[in-house]
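First the structure, then my questions, so here it is.
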Amino acid sequence: MRLAERYGGVVINADSMQVYRDLLILTARPGVQDEARVPHALYGFAPGGEGYSAGRYAADAAEALGEADRKGLRPIIVGGTGLYFKALTEGLSPMPPVAEEIRAHWRTEAAKSSAGALHAVLARRDPQMAAQLAPGDTQRIVRALEVLEASGVSLLQWQRRPREPVLSAKETRGIVVAPERSELHRRIDARFKAMMSAGALEEVARLAAQKLDPALPIMGALGVRPLLRHLEGELHREEAVQEVQAETRQYAKRQLTWARSNMIAWTWLSEQETQSLEAKVITFIES
């Protein structure tokens, strides 16, 4: 936000969970005061009942970037979803439309079958695509089955088609902020305790009351499943807190692993103090 104030910018979301309006606290989405301080875009606008996708994000981000350009605002794109950044900087392969009845069918199958059983179905129908996916990756397996049924063509073939990036590499500066691991873990643990104090459990209770399809992306947001298990009496409160903290630390590790493979050309910053980090970013932007 300070960078947006300094450069006349707009903060544009690149986090797959912060697009949803249902989870303000649990996704650490910018609050009302933040959004009043500087312009924000693509935060908290999608209902949880929608299966928001990277393809839709690329289109929405292109529109947000166009709006920023029309208003003379510098776009500052922030988030932790690597695929969203990949969509912006490398583009996504074109995908076929999938009828809602096909989506509903495979969501139902996912709800009543194990991930391994779905993977076995995909292996029979599309062995090459199945070989690319972990047997426990329900979301991607379901997506592959949807695309295959809707188009008759493997998702693998769709993914190999030409891509069109949203951002120009020449006009973009990419920065990865990678705190030292022990400090990152400390912040993760402290942040979730603060979320609980702010009402994260009540937020998940409101989400549960909607009785959404468990296969929807929002139901996989960090913290949702352990807190649901607590609400259902399966976990004590402290057990749920510890489980969320552990899964968040594991997710952060996967994020950094992904970034090291896919953001090699980006500038990596590891300063812990906010002021030194901010100064480093400013120096990089203005160089």
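The values are calculated or read from the model by the stated rules, or taken from the named source; none is laboratory data. Just so it is clear, the model here is predicted, and its values are computed rather than measured. Backbone-built Cβ (ideal geometry, glycine too); neighbour counts: all protein chains shown.
Counting just the residues of segment 263-282 that are in contact with a strand residue (DSSP E or B) (Cβ under 9 Å, 6 or more places away or on another chain) and in a loop (DSSP other than H, G, I, E, B), which one comes out modelled with the lowest pLDDT?
The selected residue is E271.
Also, I was wondering about something else. Which is of a type in the set (G, A, S) and touching a helix residue (DSSP H, G or I) at 6+ places or on another chain (Cβ under 7 Å), of G223, G174?
G223
So, one more: Just checking, how many residues over segment 24-50 are out of contact with any helix residue (DSSP H, G or I) (no Cβ under 6 Å at 6 or more places or on another chain) and closer than 30 Å to V147 by Cα?
Count: 8.
Determine, yes or no, whether S16 is of a type in the set (S, T, N, Q), under 19 Å from L212 (Cα atoms) and modelled with pLDDT of 95 or more. Before the answer, list the steps.
Details: of a type in the set (S, T, N, Q): yes; under 19 Å from L212 (Cα atoms): yes; modelled with pLDDT of 95 or more: yes.
Judged against the criteria, S16 is a match.
Also, I was wondering about something else. For segment 118-161, which positions are exposed (fewer than 15 other Cβ atoms within 10 Å of the Cβ) and of a type in the set (V, I, T)?
V153
Collect the residues in segment 19-59 that are of a type in the set (D, E) and closer than 25 Å to P214 by Cβ, keeping them in residue-number order. Working first, answer last.
First, the residues of segment 19-59 that are of a type in the set (D, E): 22, 34-35, 50.
If the condition is that a residue be of a type in the set (D, E) and closer than 25 Å to P214 by Cβ, then D22, E50 are the ones that fit.
Could you pull out the residue among T267, T283 that is among the β-branched types (V, I, T) and in contact with a helix residue (DSSP H, G or I) (Cβ under 9 Å, 6 or more places away or on another chain)? Quick ask: steps written out before the conclusion?
On the way: T283 fails: in contact with a helix residue (DSSP H, G or I) (Cβ under 9 Å, 6 or more places away or on another chain).
When all the criteria are applied, what remains is T267.
Go through (1) at pLDDT below 95; (2) in the same structural domain as T81 (by TED's automatic domain parsing) for L155 and report which single condition fails.
(2)
Among the residues that make up segment 70-90, is at least one of them of a type in the set (D, E) and loosely packed, with under 14 Cβ neighbours inside 10 Å?
no
When segment 226-262 is examined, which residues are found to be modelled with pLDDT of 95 or more and of a type in the set (K, R)?
Within segment 226-262, R229, R237, R249 qualify.
Separate question: For residues that are free of Cβ contacts under 8 Å to residues at least 60 places away in the same chain, closer than 19 Å to E67 by Cα and surrounded by 18 or more Cβ atoms within 10 Å (Cβ to Cβ), tally how many sit in segment 1-38.
Matching residues across segment 1-38 total 2.
Right, here's the next one. Taking A200, is it over 18 Å from the mean Cα position of the chain (by Cα) and either without any contact (Cβ under 8 Å) to a residue 60 or more places away in the chain or over 20 Å from D15 (Cα atoms) (or both)?
no
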